[in-house]
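A.B. asks: There's a structure below that I have some questions on.
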Amino acid sequence: MSPAPPRLRARTVAVDATGDLLTRIPDEVDPREVVAWLREGDGMVGWGRVAHFETRGPRRFAEAEDWWTRLREEATVEDEVRLAGTGLVAFGSFAFADGSADASVLTVPQVVIGRRDGLAWITQVVRDDEPWPDSHPAEVLTRTNPLIDVLDPLVEEPGSVPAQRWPEVIARGISRIAEGEVDKVVLARDVAVRHRDGQPVRIAPVLERLEKRYGATWTFAVAGLVGATPEMLVRLQGGRARSRVLAGTIRRPNGVPVPAGAAPHGDPRLRLVSSEKDLEEHAYAVRSVAEALAPHCEDLVVPETPYVLELPDVYHLASDLTGTMHSRATSLRLAAALHPSAAVCGTPTVDAFRVIAELEGMDRGRYAGPVGWMDASGDGDWCIALRCGELAEDRASMRIFAGGGIVAASDPQAELAETEVKLSAMRHALGLA
């Protein structure tokens, strides 16, 4: 049983919130207390920390859900908007591995500003023994962050495994596949980043640059984990579950679309959909998600072939799986059942986990784990924490991450190049590229 949560009061009121939600985040707040969940301008941002839960180990998902269930059952909620994400909401981020030293977290912000389908709201949360703020909730919208466009002076340093040694790691992974130990393994590397002056890294400008450049992804911040991920692990709304699988990647030339009439062999999208290596990698990932959703869903739709998802830096093979829930699982329980998919671990899962631990040379922390939010009904969004960085406890440094799926046909130098392309998202956001 997890520690008893506090008794909370929450109220959600409708407001007129136009423009960039990220400009509302006060610059003076603790960067690890900023939360965000945005896609194409809509979503939620928040700050403050009225309730917070940390857990570790193999029961981290169950312990977090138990804490949230007891918290919402004891809470008093006034919600005049009644949309997905209104009322009492928890934001969460979970460690990739059972044995990670990094804590998995659920956090309830003091203030959340949200917008969906043209409707906007503000949620304020206080402890039961505290008064409501004196100001009207809409007064929060009169404040803007004057430093939203100012980036911190940051410098980059080698991570756990230097880039020049990464092809050696990939070659060892390919050898494990050749020996029959695994069919596929996903290997990731990190890069260290620190503030040149030792000051806390500010989160709002990083989120702003991610949201503007990668609007079609989910831009997120939870407890210092910040990124823009293209991969939806699971969305649960109104009894419908959806999961987006990405596996198989090719660089987008110069970050621009291929001109109309280009020769077929010059279009990387055609190379991607005809690549035996990428199709094999994608098939493993789709199969692992379908097997995890099947016990919870009826009429599960699994596409026979993937489509190409276009992002500013890369093309991905993508498949969207959908189904109607027949179990009573919450979105967090579904995320736990789906984690880790073959897209971030490999297959067979247990063997791939072992190979990752032996070859990567680092603790992934919350990279490649589920990140997202859920409301009091259990509905919510949980993505895979990719294209991201994790702020250190000192607030002045962070690690940014990138990885790729390794199969028998993988090429070590090409895999290094793929990680460099994937790192460009956070490098851009931090002003390093």
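A.B. asks: Take region 346-358 and flag every residue that is under 17 Å from Leu386 (Cα atoms) and either at pLDDT 95 or above or surrounded by fewer than 21 Cβ atoms within 10 Å (Cβ to Cβ) (or both).
C.D. replies: Result: Ile356, single match.
A.B. asks: Pull out all pairs, ordered by first then second residue, where Cβ-Cβ is under 7 Å, the residues are six or more apart or on different chains, the first lies in region 277-302 and is closer than 21 Å to Thr330 by Cα, and the second is among the acidic types (Asp, Glu) and surrounded by fewer than 23 Cβ atoms within 10 Å (Cβ to Cβ).
C.D. replies: Going by the 7 Å Cβ cut-off, there are no qualifying pairs.
A.B. asks: Considering only residues that are in contact with a Lys or Arg (Cβ under 7 Å, 6 or more places away or on another chain) and in a loop (DSSP other than H, G, I, E, B), look in region 27-57 and name the one that is nearest to Asp98 (Cα to Cα).
C.D. replies: Val50
A.B. asks: Does Asp129 meet the test of being among the acidic types (Asp, Glu) and either more than 26 Å from Ala342 (Cα to Cα) or touching a residue at least 60 places away in the same chain (Cβ under 8 Å) (or both)?
C.D. replies: In short, yes.
A.B. asks: Quick one: which of Thr69, Thr12, Thr23, Thr18 is within 30 Å of Thr349 (Cβ to Cβ) and either β-branched (Val, Ile, Thr) or at pLDDT below 95 (or both)? It would help to see each step written out before you state the result.
C.D. replies: Numbers: Thr12 fails: within 30 Å of Thr349 (Cβ to Cβ); Thr23 fails: within 30 Å of Thr349 (Cβ to Cβ); Thr18 fails: within 30 Å of Thr349 (Cβ to Cβ).
When all the criteria are applied, what remains is Thr69.
A.B. asks: Which of the numbered conditions does Ser100 fail, given that it passes all the others? Conditions: (1) closer than 30 Å to Lys212 by Cβ; (2) of a type in the set (Ser, Thr, Tyr); (3) at pLDDT 95 or above.
C.D. replies: Checking Ser100 against (1) closer than 30 Å to Lys212 by Cβ; (2) of a type in the set (Ser, Thr, Tyr); (3) at pLDDT 95 or above, the one that fails is (1).
A.B. asks: Ok, one more. Does region 58-75 include one or more residues that are assigned to a loop (DSSP other than H, G, I, E, B), among the β-branched types (Val, Ile, Thr) and either out of contact with any Lys or Arg (no Cβ under 9 Å at 6 or more places or on another chain) or over 16 Å from Pro205 (Cβ atoms) (or both)?
C.D. replies: So far as region 58-75 goes, no, none of its residues is assigned to a loop (DSSP other than H, G, I, E, B), among the β-branched types (Val, Ile, Thr) and either out of contact with any Lys or Arg (no Cβ under 9 Å at 6 or more places or on another chain) or over 16 Å from Pro205 (Cβ atoms) (or both).
A.B. asks: Looking at region 347-419, what strands (runs of 3 or more DSSP E) fall wholly within it and have at least 3 residues that are closer than 17 Å to Ser100 by Cβ?
C.D. replies: The qualifying strands (runs of 3 or more DSSP E) are 388-391, 397-406.
A.B. asks: Could you list, ordered by first residue, the pairs with Cβ atoms under 7 Å in which the first is in region 42-70 and of a type in the set (Ser, Thr, Tyr) and the second is in a strand (DSSP E or B) and modelled with pLDDT of 95 or more, at least 6 apart or interchain?
C.D. replies: Qualifying pairs under 7 Å: Thr55/Ser104.
A.B. asks: Just to be sure I understand the filter: pairs with C-beta atoms under 8 Å, separated by 6 or more residues or on different chains, first member in region 4-28 and over 20 Å from Leu106 (Cβ atoms) and free of Cβ contacts under 8 Å to residues at least 12 places away in the same chain, second member open to solvent by 30 Å² or more (accessible area, probe 1.4 Å) and not basic (Lys, Arg). Which pairs pass?
C.D. replies: From residues that are over 20 Å from Leu106 (Cβ atoms) and free of Cβ contacts under 8 Å to residues at least 12 places away in the same chain, there are no pairs.
A.B. asks: So, one more: Just to check your reading of the model, which residue among Arg82, Arg70, Arg49 is open to solvent by 10 Å² or more (accessible area, probe 1.4 Å) and more than 20 Å from Gln124 (Cβ to Cβ)?
C.D. replies: Matching residue, one of Arg82, Arg70, Arg49: Arg70.
A.B. asks: Only one of these is in a loop (DSSP other than H, G, I, E, B) and either at pLDDT below 95 or not acidic (Asp, Glu) (or both): Gly227, Gly198, Gly248. Name it.
C.D. replies: Gly198
A.B. asks: Looking at region 162-212 only, could you name the residues that are surrounded by fewer than 19 Cβ atoms within 10 Å (Cβ to Cβ), touching a helix residue (DSSP H, G or I) at 6+ places or on another chain (Cβ under 9 Å) and either among the polar types (S, T, N, Q) or within 30 Å of Leu22 (Cα to Cα) (or both)?
C.D. replies: Result: Gln164, Pro200.
A.B. asks: Limited to region 296-346, what total is found for residues that are within 22 Å of Gly215 (Cα to Cα), assigned to a strand (DSSP E or B) and charged (D, E, K, R)?
C.D. replies: Of the residues in that region, 2 qualify.
A.B. asks: Assuming Arg172 fulfils every condition listed in (1) in a helix (DSSP H, G or I); (2) closer than 19 Å to Ile400 by Cβ; (3) in contact with a Leu (Cβ under 7 Å, 6 or more places away or on another chain) apart from one, which condition is it?
C.D. replies: (2)
A.B. asks: Could you tell me whether region 389-407 includes any residue that is surrounded by fewer than 23 Cβ atoms within 10 Å (Cβ to Cβ), free of Cβ contacts under 8 Å to residues at least 40 places away in the same chain and either under 14 Å from the mean Cα position of the chain (by Cα) or over 30 Å from Val193 (Cβ atoms) (or both)?
C.D. replies: Within region 389-407, not a single residue is surrounded by fewer than 23 Cβ atoms within 10 Å (Cβ to Cβ), free of Cβ contacts under 8 Å to residues at least 40 places away in the same chain and either under 14 Å from the mean Cα position of the chain (by Cα) or over 30 Å from Val193 (Cβ atoms) (or both).
The values are calculated or read from the model by the stated rules, or taken from the named source; none is laboratory data. The structure displayed is predicted, hence computed values, not measured ones. Backbone-built Cβ (ideal geometry, glycine too); neighbour counts: all protein chains shown. Ligands, DNA and RNA are excluded from the accessible area calculation, which covers all protein heavy atoms including side chains. Shrake-Rupley method; radii C 1.70, N 1.55, O 1.52, S 1.80 Å.
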